[in-house]
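Some notes on the structure that comes next.
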Amino acid sequence: MDPIGRRPVAVKLPSQPARTESAPAAPTAAAAREVGHALKSGFEAVGAKATALATVGTWRGPADSEVGRAINGMLERLKKCDITIKGDTPESLFRRAILDNKHVTNEQLLAMSRVTLDKLDSGPETRKKVLEKIPNARELPVHKFTVAMLSAATGIDAQKLSEACPDLGMTGAPNTPLLYAAKGEGMQRSTALHDFTDYLRGAGIKGLNKAVWGVENRVLSAAVSALGGGRY
């Protein structure tokens with residue numbers, strides 16, 4: 001686990017093809033603006049039907065597509081955690097840094113939804129080192145924040161993920177002298193996001209560090225994160 005651990009991308013909504021059968025009217029430009037995807041961190045709905053239409057009308061794909069269903073599942077799970085760090089909840093950071101990031105592909109999002117716990121498990125030695133240095137690691141807001149993001153993206157139970165990876169959200173690496181719980185919220189937020197991308201990189205999702213930080217290497221991407229950089 002490396003030290004840290006964002007800017008919306010405006011996208012044009014694709015036009016809906018004409019239908020010959022009776023179907024609900026396509027959302028108007030005003031409705032799309034109301035939903036907000038093209039403005040701030042999209043996928044923000046004004047009701048169940050509006051949520052579906054918001055996803056349909058974005059570059060990510062229709063709500064009834066494989067990627068649309070995966071995204072909606074992630075967003076539903078993200079709503080369960082309202083911890084705020086540096087003005088962000090897990091949901092708002094995920095929207096801005098991942099969903100609205102044009103460098104993150106739909107294929108990477110789908111791959112996230114298929115990651116299993118064994119691909120993320122820190123292992124007994126790492127757990128021991130982390131808890132020796134930071135006994136209350138699992139109780140810290142930054143840990144819960146990071147777990148919430150990773151749990152939502154993968155569908156893995158948050159409690160099981162926390163048990164397996166107490167180092168999530170901790171700054172530094174268990175196999176180095178540098179391992180601590182950052183006190184500053186800026187560092188906490190970037191740690192959370194870097195842990196999110198780098199753990200998934202380690203689970204086999206190549207290119208995720210580069211999509212968010214501009215560089216794939218775990219050490220260099222951590223440095224970019226620590227310095228407040230990023231492509232979001």
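The values are calculated or read from the model by the stated rules, or taken from the named source; none is laboratory data. Keep in mind it's a predicted model, so treat the numbers as computed, not measured. A quick note on method: Cβ atoms are made from the backbone with ideal geometry, for glycine too, and the neighbour counts reach across all protein chains shown. Accessible surface is based on the protein model in full, side chains and every heavy atom, while ligands, DNA and RNA are left aside. Shrake-Rupley method; radii C 1.70, N 1.55, O 1.52, S 1.80 Å.
The figures follow:
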read-out	value
Computed E for His103/Glu185 - FRET, C-beta separation, R0 22 angstrom, nearest 0.05	0.30
Where Met187, Met170 fall by accessible area, highest first, once all protein chains stay in place (1.4 Å)	Met187, Met170
Rounded FRET efficiency, nearest 0.05, which uses the C-beta distance separating Leu110 from Thr176 and R0 of 41 Å	0.75
Difference of contour (0.36 nm per residue) and Cα-Cα distance, Glu76 to Lys206	44.3 nm
Leu117-Thr84 pseudo-label distance in nm [points 7 Å out on the Cα-to-Cβ vector]	3.3 nm
Exposure of Arg69 as accessible area (Å², to 10), given a probe of 1.4 Å and all protein chains	140 Å²
Rounded Å value of the spacing that divides the Cα centres of segment 114-182 and segment 203-223	18 Å
Solvent exposure of segment 82-232 as accessible area per residue, Å², 1.4 Å probe	42 Å²
Accessible-area value, Trp59, 1.4 Å probe, nucleic acids and ligands omitted, Å²	80 Å²
Long pairs among Lys102/Lys129; Lys79/Lys206; Lys79/Lys129, criterion Cα-Cα beyond 30 Å	Lys102/Lys129; Lys79/Lys129
Solvent-accessible surface (1.4 angstrom probe) belonging to Glu163, in square angstrom, nearest 10	90 Å²
